[in-house]
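The values are calculated or read from the model by the stated rules, or taken from the named source; none is laboratory data. Being a predicted model, the structure only gives us computed values, none of them experimental. Every residue, glycine as well, gets a Cβ built from its backbone with ideal geometry; the counts of neighbours run over all protein chains shown. Side chains are part of the model used for accessible areas, which takes the heavy atoms of the whole protein and leaves out ligands, DNA and RNA. Shrake-Rupley method; radii C 1.70, N 1.55, O 1.52, S 1.80 Å.
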Amino acid sequence: MNTKRISDSIEKILNKQVRQEAEAAQIFLSYAIWAEDKGYSGTADLLFRHSGEERDHMMKVIQYILQRGGKAKISELAAPPKDPKNMQDCLEKLFQHEVDNTKAIYGIANMAQEEKDWATWNFAQWFVKEQIEEETLVMDLLDKLKIAGGPDATDESLLIFDRELEQHSDEADMARDASVENP
């Protein structure tokens, strides 16, 4: 009896996402090491935690593939990109990475909708919401860095920015969760 409940094309795109999430974990890990080396311990801490979160996302996709009777695959990862030039470059590259990941998630949701695979479409919705949070988090950091001086930030303002990140939540507030009583 065939118990596979996802198409070959859905299995393939999900396995591609496994790789994407694994590479994201490596990128965040690489940038965390860069930040720690530069003395930005708050930034490094945030990025180390985020690296683990990306790995958790990879595991979530693997588990879904297996639950649907598919075969999860681990493939070779690309090397992480070169170290950022500065904090601005680091955050801009992280933001672009999140945008690229959002596009990949949309590809999964679109394919699932086209194939009327509502289980996978529903599964992808968790990632759609997660990507809104991920992009918002990095946009917020870019906004704060802009206030600190952006690419021309002084050592003192970068120190303050970095110290604030030590207290920073890994999740951004969602607009839909805000209310007049609870802004």
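Structural remarks
- Looking across the stretch 125-140, the residues that are surrounded by 20 or more Cβ atoms within 10 Å (Cβ to Cβ) and under 16 Å from K103 (Cβ atoms) come down to F127, E134, V138.
- Selection from the stretch 1-47 of residues that are within 17 Å of V138 (Cβ to Cβ) and among the charged types (D, E, K, R): E21, E23, D45
- Among the residues of the stretch 54-66, not a single one is open to solvent by 30 Å² or more (accessible area, probe 1.4 Å), outside any helix (DSSP H, G or I) and without any contact (Cβ under 8 Å) to a residue 40 or more places away in the chain.
- Flag if N122 is surrounded by 14 or more Cβ atoms within 10 Å (Cβ to Cβ) and either closer than 16 Å to S7 by Cα or touching a helix residue (DSSP H, G or I) at 6+ places or on another chain (Cβ under 8 Å) (or both): no
- Residue identified as aliphatic (A, V, I, L, M) and either out of contact with any helix residue (DSSP H, G or I) (no Cβ under 9 Å at 6 or more places or on another chain) or open to solvent by 10 Å² or more (accessible area, probe 1.4 Å) (or both) among L29, L14: L29
- Qualifying residues in the stretch 72-119 (those that are among the hydrophobic types (A, V, I, L, M, F, W, C) and in a loop (DSSP other than H, G, I, E, B)) - the one surrounded by the most Cβ atoms within 10 Å (Cβ to Cβ): A72
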